[in-house]
1. Taking region 65-109 as the region of interest, how many residues are under 14 Å from LEU53 (Cα atoms) and among the polar types (S, T, N, Q)?
2. Within region 33-86, count every residue that is over 15 Å from ASP109 (Cβ atoms), small (Gly, Ala, Ser) and at pLDDT 90 or above.
3. Only residues that are at negative phi and either surrounded by fewer than 16 Cβ atoms within 10 Å (Cβ to Cβ) or not in a strand (DSSP E or B) (or both): list them for region 71-90, please.
Amino acid sequence: MTSLRNVVALWAMVVLLSVSGWAQSAASAEMLVTVRDPNGAIVKNATVTAQNLAQHFSRTAAANVNGQYQFLLLPPGAYTVTVEAPGFARVVASNVTITVGQRAALPVD
């Protein structure tokens, strides 16, 4: 009987965690930022910041080796995206709006 109870408890936990993860992803969005120089070459050492001023939310990270950074599970809203890299001028994209379930692509040249 204890074994059956453990199996039922484990199954219930898996279901609850699955629903919780789905609820989080259902109320969020993604943003893929691609960083290139004026000649179209990939900028591999950029730092990208996505900031939502209305929700006091900010996330910063380095771009990957492909010159891209993917922001996952962002709260929907309007963002200011800032890209900085050594030897390049700072680039700011204002009012980048993402909606629930959207996967927005933002090329930065």
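The values are calculated or read from the model by the stated rules, or taken from the named source; none is laboratory data. This structure is a prediction, so every number in the text was calculated from the model and none was measured. With ideal geometry, Cβ positions are generated from the backbone for all residues, glycine too; neighbour counts draw on all protein chains shown.
1. Residues in region 65-109 being under 14 Å from LEU53 (Cα atoms) and among the polar types (S, T, N, Q): 5 in total.
2. Selection size over region 33-86: 5.
3. LEU72, PRO75, PRO76, ALA78, THR80, ALA85, PRO86, PHE88, ALA89, ARG90
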